[in-house]
């Protein structure tokens with residue numbers, strides 16, 4: 001199973017990927033996403049499966065320093081056949097991915113054996129009844145740029161906006177340079193001001209999807225933070241001359257396919273992060 005997952009990893013979204021700002025010379029943390037479609041009426045059972053199957057493994061590995069953070073999120077906008085729940089974990093490297101998947105396999109095997117011995121319903125059967133496995137996808141992402149403020153206060157369940165962008169072939173460096181010049185300083189200040197908890201510019205570590213090439217994630221303590229981000233970006237552009245605004249628009253337009261841009265916003269239902 002682990003080999004199949006590693007061969008089919010693909011992207012969607014995240015969140016708090018590493019601690020502190022990354023530079024090109026630093027190891028870049030990886031975030032693994034499980035993208036689920038939970039069947040109607042099975043939300044409580046899905047949460048029970050998380051608590052009894054996956055959470056003990058992820059909590060133990062976070063205590064051991066393998067997992068940096070993990071959580072479960074739900075999109076605020078629903079659509080037919082769309083994702084209903086995202087489970088994610090962040091590790092330092094591919095060795096960490098392997099340790100998590102190996103530990104999950106061992107946990108599943110143990111629980112299956114216990115269920116067989118007690119003649120109860122095994123976790124695998126419960127999962128098949130709870131989620132539409134034909135719509136399950138996995139993603140492995142890496143942050144190219146990331147910045148983090150202090151750990152959220154206890155009990156805070158972050159809201160995260162993901163902006164998906166398709167960069168034109170050969171324009172990746174141009175897009176990143178433009179993004180870092182015009183957008184990153186705005187987000188840096190909002191981290192300093194406590195509006196943004198963390199943000200990043202990311203891409204798939206293993207490329208599996210052609211709809212986008214990059215995504216920007218912005219995590220805030222609540223939905224009001226998203227309003228403040230929008231206002232800050234608008235204020236930055238408003239203070240510039242018309243020529244500057246046109247130049248910025250042209251730079252992003254030259255590097256990307258604007259009609260392919262998409263966004264989602266998620267609410268965290270579970271959020272756990274190792275102490276700094």
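The values are calculated or read from the model by the stated rules, or taken from the named source; none is laboratory data. Note that the structure is predicted; figures quoted are calculated from it, not measured. Neighbour counts are summed over all protein chains in view; Cβ atoms, including those assigned to glycine, are modelled from backbone coordinates with ideal geometry.
I'd like to verify a number: residues in the stretch 192-225 that are buried (at least 18 other Cβ atoms within 10 Å of the Cβ) and not in a strand (DSSP E or B), how many?
Count: 5.
Can you confirm whether residue 102 is touching a helix residue (DSSP H, G or I) at 6+ places or on another chain (Cβ under 7 Å), crowded, with 18+ Cβ neighbours inside 10 Å and modelled with pLDDT of 95 or more? Write out each step before concluding.
Numbers: touching a helix residue (DSSP H, G or I) at 6+ places or on another chain (Cβ under 7 Å): yes; crowded, with 18+ Cβ neighbours inside 10 Å: no; modelled with pLDDT of 95 or more: yes.
No: the conditions fail for residue 102.
All but one of (1) under 27 Å from residue 263 (Cα atoms); (2) in contact with a helix residue (DSSP H, G or I) (Cβ under 7 Å, 6 or more places away or on another chain) hold for residue 86, so report the exception by its number.
(2)
So which of 61, 86, 49 is under 29 Å from residue 223 (Cβ atoms), touching a strand residue (DSSP E or B) at 6+ places or on another chain (Cβ under 6 Å) and surrounded by 13 or more Cβ atoms within 10 Å (Cβ to Cβ)?
Values: 61 fails: under 29 Å from residue 223 (Cβ atoms); 49 fails: touching a strand residue (DSSP E or B) at 6+ places or on another chain (Cβ under 6 Å).
The match here is 86.
Could we say that residue 141 is touching a helix residue (DSSP H, G or I) at 6+ places or on another chain (Cβ under 7 Å) and surrounded by 14 or more Cβ atoms within 10 Å (Cβ to Cβ) here? Even if it seems obvious, please write down each step before you answer.
Details: touching a helix residue (DSSP H, G or I) at 6+ places or on another chain (Cβ under 7 Å): no; surrounded by 14 or more Cβ atoms within 10 Å (Cβ to Cβ): yes.
It is false that residue 141 is touching a helix residue (DSSP H, G or I) at 6+ places or on another chain (Cβ under 7 Å) and surrounded by 14 or more Cβ atoms within 10 Å (Cβ to Cβ).
Just to be sure before I move on: is residue 94 within 29 Å of residue 161 (Cβ to Cβ), touching a residue at least 40 places away in the same chain (Cβ under 8 Å) and surrounded by 18 or more Cβ atoms within 10 Å (Cβ to Cβ) in the structure I sent?
Numbers: within 29 Å of residue 161 (Cβ to Cβ): yes; touching a residue at least 40 places away in the same chain (Cβ under 8 Å): yes; surrounded by 18 or more Cβ atoms within 10 Å (Cβ to Cβ): no.
When the stated conditions are applied, residue 94 does not pass them.
Taking the stretch 162-178 as the region of interest, how many residues are without any contact (Cβ under 8 Å) to a residue 40 or more places away in the chain and touching a strand residue (DSSP E or B) at 6+ places or on another chain (Cβ under 7 Å)?
Keep residues of the stretch 162-178 that are without any contact (Cβ under 8 Å) to a residue 40 or more places away in the chain, which gives 169-170, 173, 176-177.
With the extra rule that they be touching a strand residue (DSSP E or B) at 6+ places or on another chain (Cβ under 7 Å), the set shrinks to 176.
Summing the residues that are without any contact (Cβ under 8 Å) to a residue 40 or more places away in the chain and touching a strand residue (DSSP E or B) at 6+ places or on another chain (Cβ under 7 Å) in the stretch 162-178 gives 1.
Among the residues of the stretch 221-232, write down those that are in contact (Cβ under 8 Å) with a residue 40 or more places away in the chain and out of contact with any helix residue (DSSP H, G or I) (no Cβ under 6 Å at 6 or more places or on another chain). Don't jump to the end; show me each part of the working.
Taking the stretch 221-232 as the starting set, the residues that turn out to be in contact (Cβ under 8 Å) with a residue 40 or more places away in the chain are 221-223, 225-226, 229, 232.
Hits for the stretch 221-232 are 221, 222, 223, 225, 226, 229.
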